[in-house]
Amino acid sequence: MKILIIPEDQTSDGFIAKPIVEALCADAQVPARVDVLPEPRLRGAAQALNPDIVREIIADNPMTDLFILVIDRDCDRDGHVAKATAREGEHAGKLVACVAEQELEVWLLALHRKQLGSLSWKDVRAHCDPKEEWAEPLLRQLGAAGPGGGRKGAMRALRGSLKTLVALCPELQTLQTKIIQHCSREN
């Protein structure tokens, strides 16, 4: 199966989403080639959720079996949840959406939560801007010089930690279920 991830920011989010989707597929025993949308370069959730842009991406990639739209929830200030659900409905059987609570960087933080000290995980997940508050300082500490501002290196912590990550970020369990359901419809 060929999967194409549509992130709101390929430069950063692709380095988080791709290894997670690959791990979810491997865990579910779904053979998949996972790529991140190379172009058009999206600049934010408004573009990633734009129905015309999503339609064009799907039309331009006819060999893709499943598109995964991954966006930040951002405390749903701009209705990202409803918009993602709408895009999923418009492209049923071809596209699934995953809305990170509150940002994709929370998934990265889940893998490094010991470095957050005594901070409550519930508070991290509820904070509207965890990337700025905790992820960017953590990435500077880990070495932000690498690809994706250090995200690629930080995501190496995913090895052997998928079950914990999914337990801490239940939207990933939902995403895995959607991938499995898509595969069962294809077979």
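The values are calculated or read from the model by the stated rules, or taken from the named source; none is laboratory data. Remember, it's a predicted structure, so these values are computed and weren't measured experimentally. Glycine gets a Cβ as well: all are built from the backbone with ideal geometry, and neighbour counts include every protein chain shown. Surface areas here come from the heavy atoms of the whole protein model, side chains and all, with no ligands, DNA or RNA. Shrake-Rupley method; radii C 1.70, N 1.55, O 1.52, S 1.80 Å.
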Quiz item: Can you tell me which residue in the range 87-101 is nearest to residue 166 (Cα to Cα), limited to those that are free of Cβ contacts under 8 Å to residues at least 60 places away in the same chain and open to solvent by 40 Å² or more (accessible area, probe 1.4 Å)?
Solution: 88
Practice problem: Return yes when residue 49 is closer than 27 Å to residue 155 by Cβ and without any contact (Cβ under 8 Å) to a residue 60 or more places away in the chain and no when it is not. | Solution: yes
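Residue-wise test of (1) among the acidic types (Asp, Glu); (2) under 26 Å from residue 4 (Cα atoms).
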| position | (1), (2) |
| --- | --- |
| 69 | no, yes |
| 72 | yes, yes |
| 77 | no, no |
| 80 | no, yes |
| 86 | no, yes |
| 94 | no, yes |
| 101 | yes, yes |
| 118 | no, no |
| 124 | no, no |
Quiz item: Looking at 158, 111, 165, 104, which is the one that is touching a residue at least 40 places away in the same chain (Cβ under 8 Å) and in contact with a strand residue (DSSP E or B) (Cβ under 8 Å, 6 or more places away or on another chain)?
Solution: 104
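Let's see how each residue does on (1) hydrophobic (A, V, I, L, M, F, W, C); (2) surrounded by fewer than 16 Cβ atoms within 10 Å (Cβ to Cβ):
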{"residue": "2", "(1), (2)": "no, yes"}
{"residue": "12", "(1), (2)": "no, no"}
{"residue": "25", "(1), (2)": "yes, no"}
{"residue": "36", "(1), (2)": "yes, no"}
{"residue": "45", "(1), (2)": "yes, no"}
{"residue": "52", "(1), (2)": "no, yes"}
{"residue": "57", "(1), (2)": "yes, no"}
{"residue": "65", "(1), (2)": "no, yes"}
Quiz prompt | Criterion violated by residue 19 - all others in (1) closer than 23 Å to residue 89 by Cα; (2) surrounded by 13 or more Cβ atoms within 10 Å (Cβ to Cβ); (3) not aromatic (Phe, Trp, Tyr) satisfied | solution = (1)
Quiz item: Does at least one position in the range 45-56 carry a residue that is within 26 Å of residue 124 (Cα to Cα) and out of contact with any helix residue (DSSP H, G or I) (no Cβ under 7 Å at 6 or more places or on another chain)?
Solution: yes
Quiz item: In this structure, does residue 139 turn out to be surrounded by 14 or more Cβ atoms within 10 Å (Cβ to Cβ) and either touching a Phe, Trp or Tyr at 6+ places or on another chain (Cβ under 7 Å) or free of Cβ contacts under 8 Å to residues at least 60 places away in the same chain (or both)?
Solution: yes
Quiz prompt | Wholly enclosed helices (runs of 4 or more DSSP H) of the range 1-96 bearing at least 2 residues of a type in the set (Val, Ile, Thr) | solution = 10-27, 51-60, 80-90
